[in-house]
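Report on the following structure.
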Amino acid sequence: EVRQREAAGYDDYPVRGLTDGFIQNGSVPLDKIANGYEDAAAVWRALQTEPDAAIIDSFPIQSGFGPNEFSLKGIPTDAGKYDAPRITVRAATSGRGKNVRVIGVISFGASSNFIGIYVGEDAFVKVFGEPELSMHFVALTDPDGSRQAARDIESALATAGVQADSLQQIADENNALSRSFLYLMQAFMG
């Protein structure tokens, strides 16, 4: 659960802990960076060294646009730099919570694959405990083979309950859905 500090109640929104491996090797782009951080690399590094640092997808700053109702105030949509707002993340089952500063916003294009609030692994464990499941991201030397690689991983590890998806395929499907909606709106307006 999550809420902005001055808000009355909590909203459901995913909170995810990132390992050092993801932080060091991932390449998720950021559109917005809080004042006090030089660049996106500094923001990602802060998740390893600052226990109250968090990064969020761009949907909550777009007035709740996206799959959830949580809306984050204090990050302007028309500026790349901003003063980091504070939010509280809380485990609904235990009631343990933590105040964090939102120091980066994932680019709109990448947000559909990375929905949620991201904190460092240690901060996540302190609030939510050890995770019951984990997601692993694999970078390919040949990105064009992502669909086949996902099928190969899934079939090789099926007995362990592993599910694999191509982020490229998911992005393509989301884009196709958006394009279809826009075509429908164009036809309606025409």
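The condition of being modelled with pLDDT of 75 or more, over 18 Å from the mean Cα position of the chain (by Cα) and outside any loop (DSSP other than H, G, I, E, B) does not hold for Arg101. Across the stretch 4-52, the number of residues qualifying as assigned to a strand (DSSP E or B), more than 19 Å from Pro131 (Cα to Cα) and either in contact with a Leu (Cβ under 8 Å, 6 or more places away or on another chain) or not aliphatic (A, V, I, L, M) (or both) comes to 4. Where residues in the stretch 99-134 are in contact (Cβ under 8 Å) with a residue 12 or more places away in the chain and among the acidic types (Asp, Glu), which of them is most open to solvent (accessible area, probe 1.4 Å)? In this case the residue turns out to be Asp122. Annotation note: of Gly129, Gly116, Gly109, the sole residue that is under 25 Å from Gly26 (Cα atoms), over 17 Å from the mean Cα position of the chain (by Cα), at pLDDT below 90 and not β-branched (Val, Ile, Thr) is Gly129. Number of residues in the stretch 78-98 that are surrounded by fewer than 17 Cβ atoms within 10 Å (Cβ to Cβ) and under 17 Å from Tyr10 (Cα atoms): the value is 9. Per the listing Ala123, Ala139, Ala92, Ala79, the residue uniquely at pLDDT 75 or above, closer than 29 Å to Glu38 by Cα, in a loop (DSSP other than H, G, I, E, B) and not basic (Lys, Arg) is Ala79.
Would it be correct to say that Arg5 is at pLDDT below 95 and surrounded by fewer than 16 Cβ atoms within 10 Å (Cβ to Cβ)? Answer is yes for this residue. So, in the stretch 58-73, exactly how many residues are within 15 Å of Asp31 (Cα to Cα) and modelled with pLDDT of 80 or more? Here the count works out to 4. For the stretch 41-51, does any single residue satisfy the condition of being among the hydroxyl-bearing types (Ser, Thr, Tyr) and under 13 Å from Val119 (Cα atoms)? The answer is yes, given that some residue of the stretch 41-51 is among the hydroxyl-bearing types (Ser, Thr, Tyr) and under 13 Å from Val119 (Cα atoms).
The values are calculated or read from the model by the stated rules, or taken from the named source; none is laboratory data. These numbers come from a predicted model, not from an experiment. Cβ sites come from the backbone with ideal geometry, for glycine too, and all protein chains shown count toward neighbours. Please note that ligands, DNA and RNA were not included when accessible areas were found on the heavy atoms of the full protein model with its side chains. Shrake-Rupley method; radii C 1.70, N 1.55, O 1.52, S 1.80 Å.
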